[in-house]
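Quick notes on the structure that follows.
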Amino acid sequence: MSYAMVAITVLWTFLFGYLLVASIDFGAGFFSFYSVLTGHENKIHNIIQRYLSPVWEVTNVFLIFFVVGLVGFFPDAAYYYGTALLVPGSLALVLLAIRGAYYAYHTYGSQTGNNIVYMGLYGATGLLIPAALSTILAISEGGIIYMDGGKVELHWYTFFTNPYTWSVILLALVSVLYISAMFLSYYAQRAGDEVAFGVVRGYALGWSGPTILASVFAFFQINHQNPVHFGQMLDMAWMFIASFVCFVIAVYLVWKGIRLGIAFIMVMLQFAFAWYGYGRSHLPYILYDYIHIHESITNDTMAIALITAFILGFCVLVPSLILLMRLFLFDANYIRGKSAKKG
């Protein structure tokens, strides 16, 4: 396997990690605000806060690794995407800052954390951040970025009137809510909170339909945006079929209220098959027709150093996240909102 293939695989894996962890985080934030509006705050707020408290500080580490690695492995990405993503990227950073401010004030100032305005901003960022970040997928298909006098330009009219752009944004929004609700269903059942489980289970089942419909819509919009990529996706159709099978199993288990741990594993496999199928069929381009992985890869010495550093980082980050979950999220006392027993 070439350095370019190893590099893009490592980066895609980091981005997949961010997709899962951030989706749970963003969706939980929206559901927390939504529960206030619907009067379900007392039913699910504690479950959501017990998940968010130990996790929110490490969520964006995956995204930072990806951005740094993308520029390090493929320097041309900074040139092309740097200009194109200036507006959506800046928007995402501002929204992340607002979200971080809410976490800080909620942790250290309880009055601020209960303010409806702050809760509204917190809930809104849970949808706006993935919407802003998802635009990179639409741009990567080509036809939106072009060269004008040696400068990279983003054709804003094409960007906003392109059905594929909106299909990707829609898919990002419903996927965040679906992934988060599926995890919270498992988490609420694990905590033995039947009231919270009933609420979030309804969210999970409710958002499952829109998620699969948005996936199908985005899938066929790629044919209009980039027929070459669409043809390569058809060649890997088995991965998307496997994704749908995992979706059916996950929804069935949640509907029955059984084996929810396996149900969430099916959710992860559902998105893993779709994510890696999409990514593999997108190659050899990162950005049609400007960034080719084999032509844009950095020199061999830098590639080896970066691959080594990122694999080591992944080997540290994932076990650390698992340890965090074992010590806090799935600790028998913590998950039920109790203080740890003293020895």
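The values are calculated or read from the model by the stated rules, or taken from the named source; none is laboratory data. Bear in mind that the values here come from a model prediction, so they are computed numbers and not experimental data. FYI the Cβ positions are ideal-geometry reconstructions off the backbone, even for glycines, and counts take in every protein chain you see. In case anyone asks, the SASA skips ligands and DNA or RNA and just uses the protein heavy atoms, side chains included. Shrake-Rupley method; radii C 1.70, N 1.55, O 1.52, S 1.80 Å.
How large is the accessible surface of residue 230 in square angstrom, using a 1.4 angstrom probe and rounding to the nearest 10?
It works out to around 20 Å².
Measuring with a 1.4 Å probe in the full set of protein chains, what accessible area per residue, in whole Å², belongs to the chain? Walk me through the numbers before you get to the answer.
Values: 16070 Å² over 343 residues.
The answer is 47 Å² per residue.
Using a 7 Å offset from the Cα along the Cα-to-Cβ direction at both residue 255 and residue 325, what is the distance between the two label points in nm, to one decimal?
2.6
Evaluate E = 1/(1 + (r/R0)^6) for residue 1 and residue 213, where r is the Cβ-Cβ distance and R0 equals 41 Å; express this FRET efficiency to the nearest 0.05.
Once the sixth-power term is evaluated, E becomes 0.70.
Taking amide H positions as placed 1.01 Å from N in the peptide plane, with prolines and chain starts having none, which residues 5 or more places from residue 291, or on another chain, fall under 5 Å of its amide H?
So residue 291 has HN proximity to 286.
Express the carbon and sulfur contribution to the solvent-accessible surface of the stretch 3-336 as a percent, rounded to the nearest whole number, probe 1.4 angstrom. Intermediate results must be reported in sequence, preceding the final value.
Numbers: 10330 of 15010 Å².
Whole-percent figure for carbon plus sulfur exposure: 69.
Give me the one-decimal nm value for the distance between modelled label points at residue 68 and residue 318, 7 Å along each residue's Cα-to-Cβ direction.
Here the modelled spin labels are 1.9 nm apart.
Beyond 25 Å, how much of the Cα-Cα pair distribution for the stretch 3-336 remains, as a whole percent? If you can, show how the numbers build up before the last one.
Numbers: 29741 of 55611 pairs.
Value for the stretch 3-336 (Cα pairs over 25 Å): 53 percent.
Based on DSSP H assignment, which helices of the chain show an axial Cα extent of at least 20 Å together with a mean Kyte-Doolittle hydropathy greater than or equal to 0.0?
On the way: long enough: 3-38 (51 Å, 1.58); 41-55 (21 Å, -0.52); 86-108 (33 Å, 0.97); 116-140 (37 Å, 1.68); 163-190 (40 Å, 1.11); 194-225 (45 Å, 0.70); 237-256 (29 Å, 2.00); 260-282 (33 Å, 0.94); 300-324 (35 Å, 2.28).
Sorted by number, the helices that extend far enough and score high enough are 3-38, 86-108, 116-140, 163-190, 194-225, 237-256, 260-282, 300-324.
Multiply the residue separation of residue 148 and residue 238 by 0.36 nm, subtract the distance between their alpha-carbon atoms, and state the gained length in nm to one decimal. Walk me through the intermediate numbers first.
Numbers: separation 90, 0.36 × 90 = 32.40 nm, distance 4.01 nm.
Contour length minus the Cα-Cα distance gives 28.4 nm.
So if I place +1 on the C-beta of Lys and Arg and -1 on the C-beta of Asp and Glu, and nothing else carries charge, what would the dipole magnitude of the chain be about its Cα centre? I want it in debye, nearest 20.
Details: 14 positive and 14 negative charges, 299 e Å.
Charge dipole of the chain: 1440 debye, to the nearest 20.
Gain in length, residue 97 to residue 37, computed as 0.36 nm per residue apart minus the alpha-carbon separation, to one decimal in nm? Mind dumping the intermediate values first?
Values: separation 60, 0.36 × 60 = 21.60 nm, distance 2.39 nm.
The span from residue 97 to residue 37 would gain 19.2 nm if fully extended.
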